[in-house]
Structure formats: structure tokens, C-alpha cells
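Here is the structure we will look at, set down as C-alpha cells.
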Amino acid sequence: MIETLPELAINPDDAFYILMRAREFDEKVEETDPDSASNASDDNAVDILEDRPTDAAYDELVAAVDGLNDDAQLDLIALAWVGRGDFTLEDWQEARQAARDIGRQRAPRYIAEIPLVSDYLEEALSQFGLPLNEYLDRH
């Protein structure tokens with residue numbers, strides 16, 4: 001068991017913001033009617049749940065990750081890997097070092113394309129003593 005938690009370079013609020021954007025994106029389903037000409041009131045706004053080439057949820061997620069500094073991006077990738085079980089908190093520095101291989105330019109798309117990344121981030125943040133429900137209570 002780890003004696004002292006590693007210090008995070010990413011602000012926990014930024015990590016939770018990205019987690020929530022990722023959760024919105026994770027909820028998307030495949031587009032069912034790409035040629036639909038109806039408006040949102042006609043189709044009960046179900047199109048918002050469909051994954052489309054111009055998807056605001058994806059764009060917001062990528063922009064949020066892109067807006068992080070280099071160290072925060074490394075932490076975010078390491079958090080995803082810890083939450084997925086690829087690394088443990090004891091391996092934190094090793095995870096951050098491995099995250100360097102992703103690179104700054106690829107990091108936003110890399111994070112967005114990890115299936116269930118919001119769940120992995122939630123798990124890792126809870127290991128740091130940062131539960132999602134406390135973040136939600138504050139916001």
C-alpha cells in the first residue's frame with residue numbers, strides 16, 4: 001500500500017470537468033438517421049444523443065484536454081491508465097513517464113477515444129481521495 005499519495009499536477013476540478021465532458025461523449029450512440037430533415041421538436045431531440053461528425057460533446061472534451069498544460073495532460077493520461085488498471089498509484093511516476101509517449105498533439109484525441117474513459121478517471125480520482133459525488137455537490 002502506498003504511504004503518501006502522489007501530488008497531482010492537474011487541478012482536480014479540471015480533471016472532473018473533463019470527466020463530465022467525457023461522460024457526455026460516452027453516452028452518444030451511433031447515428032440512426034443521417035438524412036433526417038426533421039427538427040428537434042419533431043423527433044423529441046433524440047439527435048442530440050447521436051454521434052455525429054460535428055459533435056459539440058467531442059469538441060468540448062478535446063478542447064478541455066488541449067487547454068491543459070503539459071504536466072496536467074500527463075496526469076490526465078496517467079489517471080486514465082490507473083483507473084483502467086494498467087498502473088497502480090505505486091506506479092504513478094512510471095505511468096506519467098509512459099504518458100510522454102502519447103505527446104501533446106495526440107493527447108486530446110487519445111483521451112477522447114478511450115472507451116469508458118470517464119469511468120476510469122472517476123476510479124483513479126477516487127483512489128486519490130477525490131470522489132465524484134463531492135465534486136458534484138460543490139458544483
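No lab work stands behind these numbers, since they all come straight from the coordinates. Owing to the predicted nature of the structure, the values given are computational and were not obtained by experimental measurement.
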In order over region 82-92: 3J(HN,Hα) from phi, Karplus 6.51/-1.76/1.60, θ = phi - 60°, whole Hz, x for each Gly or Pro, gives 5, x, 7, x, 5, 9, 10, 4, 5, 9, 3
Taking θ = phi - 60°, what integer Hz values does the Karplus form 6.51 cos²θ - 1.76 cosθ + 1.60 yield along region 14-23, in sequence order, with x for Gly and Pro? 5, 4, 5, 4, 5, 4, 5, 5, 5, 5
